[in-house]
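All remarks here apply to the structure that follows.
The values are calculated or read from the model by the stated rules, or taken from the named source; none is laboratory data. Values in this document were obtained by computation on a predicted structure and should not be read as measured data. Every residue, glycine as well, gets a Cβ built from its backbone with ideal geometry; the counts of neighbours run over all protein chains shown.
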Amino acid sequence: MRFFLPVMLFAAQLFGAFGPYPATAATAGPGREKIDRIVAETVTVEKQSEARQQAWLDEKAELESATHALELEARLLAARVKKLKAYRRQRRAEISRLETGLKEMENIGLRLEPYLDELSEKIGKFVGSDLPFDRVEREQRLADLRRELDRYDVQLAEKLRRVFEVLKIEAGYGRGFEVSEENLELDGTETLVRVLRLGRVGLYYMTPDGERAGWYNRQAGKWVPLSRSFQPAVREALRMALKQRAFDLVRLPVEEEGRP
């Protein structure tokens, strides 16, 4: 079609120029205009067709590129979905373990709370039968602990922590030594003395003048004097506790030896 129309036009021109019957101006004008119009319309249609074809090719390329990108995205999403399914299985298993753990913790809590109350009572009895040192502070600590255990708004974990804290403090009294000044009733008279605590092994006292010394007899439940043979040992033990001399071995009475 592209080459056919120019050939027809060329043939018409030749026929009009060299034909046996010369064309007159009246007859040649309308025919030529019609042919020119047909050629122009044909060229216009051809250009429009080429433009549409090029637009179609461009759109096709864009669609192919978009399709390729979508295929890549689809493969990526498929891989992610596979991973997410595996993660979901792991999470479900973890949630199941946590739910089982929570149920076990609830069961433990039902048994633990009354045990903590029982344990606080045992600590109280132990403090009451222990050597009489820091009695006010220790009894106050136990009273605070009992109030915490009786509060409904305190978590079980906090109650357990408080019990362990009291146990740790009480256990710490079994180590080390301590010197304090106290008023003890000696021979019916309030007397200021220095008291030496050696862990939970024993409590010993000595008057400021160093003339009298004694110890707390657990079996008798009171302070009793020591014989003069023990006074130098008590004096040296006090000096060592106060870091006034180097540590050394001293001989002091303990509960297992009985009353001296």
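Restricting Gly124, Gly221, Gly174, Gly128 to residues that are small (Gly, Ala, Ser) and modelled with pLDDT of 90 or more narrows the list to Gly124.
Residue pairs whose Cβ atoms lie under 7 Å apart, sitting 6 or more positions apart in sequence or on different chains, and linking a residue in the range 36-61 that is assigned to a helix (DSSP H, G or I) to a partner that is exposed (fewer than 10 other Cβ atoms within 10 Å of the Cβ), are Glu46/Arg2. Of the residues making up the range 30-39, none is modelled with pLDDT under 50 and touching a helix residue (DSSP H, G or I) at 6+ places or on another chain (Cβ under 8 Å).
If a residue has to be part of a loop (DSSP other than H, G, I, E, B) and either without any contact (Cβ under 8 Å) to a residue 12 or more places away in the chain or exposed (fewer than 13 other Cβ atoms within 10 Å of the Cβ) (or both) to count, how many in the range 163-187 make the cut? Step through it out loud before you land on a result.
First, pick out the residues of the range 163-187 that are part of a loop (DSSP other than H, G, I, E, B): 173-176, 187.
Adding the requirement that they be either without any contact (Cβ under 8 Å) to a residue 12 or more places away in the chain or exposed (fewer than 13 other Cβ atoms within 10 Å of the Cβ) (or both) leaves 174-176, 187.
Final tally of qualifying residues: 4.
Whether any residue in the range 99-120 is basic (Lys, Arg), surrounded by 12 or more Cβ atoms within 10 Å (Cβ to Cβ), outside the structural domain of Gly202 (by TED's automatic domain parsing) and assigned to a helix (DSSP H, G or I) is what I want to check. The answer is no, given that none of the residues of the range 99-120 is basic (Lys, Arg), surrounded by 12 or more Cβ atoms within 10 Å (Cβ to Cβ), outside the structural domain of Gly202 (by TED's automatic domain parsing) and assigned to a helix (DSSP H, G or I).
For Glu190, indicate whether it is outside any helix (DSSP H, G or I), surrounded by fewer than 12 Cβ atoms within 10 Å (Cβ to Cβ) and in contact with a Ser or Thr (Cβ under 8 Å, 6 or more places away or on another chain).
Working: outside any helix (DSSP H, G or I): yes; surrounded by fewer than 12 Cβ atoms within 10 Å (Cβ to Cβ): yes; in contact with a Ser or Thr (Cβ under 8 Å, 6 or more places away or on another chain): no.
Spelling it out, it is not the case that Glu190 is outside any helix (DSSP H, G or I), surrounded by fewer than 12 Cβ atoms within 10 Å (Cβ to Cβ) and in contact with a Ser or Thr (Cβ under 8 Å, 6 or more places away or on another chain).
For the range 88-139, the set of residues classified as more than 23 Å from the chain's Cα centre (by Cα) and of a type in the set (Asp, Glu) consists of Glu113, Asp117, Glu118, Glu121, Asp130, Asp134, Glu137, Glu139, listed by residue number.
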